[in-house]
1. If the elastic network links every pair of Cα atoms under 10 Å, which of 181, 121, 142 fluctuates the most in the Gaussian network model of the chain?
2. With each run of n ≥ 4 DSSP H residues scored as -39500 (n - 2.57), what mean residue ellipticity at 222 nm is computed for the chain after dividing by its residue count and rounding to the nearest 500 deg cm²/dmol?
3. For the residues 150, 46, 136, what sequence is obtained by ranking on other C-beta atoms within 10 Å, fewest first?
4. If R0 is 25 Å, what FRET efficiency do you get for residue 28 and residue 137 from their C-beta distance, rounded to 0.05?
5. Taking R0 as 30 Å, what's the FRET efficiency between residue 112 and residue 46 from their Cβ-Cβ distance, rounded to 0.05?
6. With the calculation restricted to Cα positions, what are the radius of gyration and Dmax of the stretch 51-119 in angstrom?
7. Going by average Cβ neighbours within 10 Å, how do the peptides 29-38, 163-172, 85-94, 60-69 rank, with the highest at the top?
8. With contacts defined as alpha carbon pairs under 8 Å and 6 or more residues apart, what's the relative contact order of the chain in percent?
């Protein structure tokens, strides 16, 4: 399918080809997941590469000031911290949609800290991982549902396929986050190594078996 063709009206052009693969029978879960990651990588580059991650790095420095001790956390002016994150977003360069997603991710992490959640590892890397997960949901999986899908596949089968590829996608996004943490940029991201190949899934057979 040429890149210019639009099969799914709710998806950006980066995700059109992998959407058709999601609905076809000749691609296994890992292949589809890797193409999802490739599409996300292309979208990141198109949207400015490292810009949202530079904003998240600054946000992480702000959030690192939040104390971990329960008693000290009671003294935190959470409204002021939220305002600081919003100011970071106002100062950030980049497309409005991307800046808003990075801000939303920062606020989600602030909520986790306020709730007493302990974040293992570098806070910036955690923000990168959460941002990439939100990007995947907002640009791909969250926009997938349709009344009628490509190739006559049912929504139930598409949902089952999404559930099957999700572990591969999440693992890949975590790899991306680690690379961004080391390099400080969202460009030249490498896909994770393949695991053992799986057999192709026939979605039409899945639909037929659903009635038994």
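Here, each number is a calculation from the coordinates, and none is a lab measurement. Remember, it's a predicted structure, so these values are computed and weren't measured experimentally. Counting neighbours? That spans all protein chains shown, and the Cβs are built from the backbone with ideal geometry, glycine included.
1. The residue with the greatest mean-square fluctuation here is 121.
2. Details: 9 runs with 129 residues, N = 212.
That calculation yields -19500 deg cm²/dmol at 222 nm.
3. Ranking 150, 46, 136 by Cβ neighbours within 10 Å, fewest first, gives 46, 150, 136.
4. Working: r = 22 Å, r/R0 = 0.90.
After rounding, the FRET efficiency stands at 0.65.
5. Working: r = 29 Å, r/R0 = 0.98.
For residue 112 and residue 46, the calculated efficiency is 0.55.
6. Answer for the stretch 51-119, Rg first and Dmax second: 12.1, 39 Å.
7. Working: 29-38: 21.0, 163-172: 17.7, 85-94: 15.3, 60-69: 13.5.
Averaged packing, sorted descending, gives the order 29-38, 163-172, 85-94, 60-69.
8. On the way: 228 pairs, mean separation 74.4, N = 212.
Relative contact order for the chain comes out at 35 percent.
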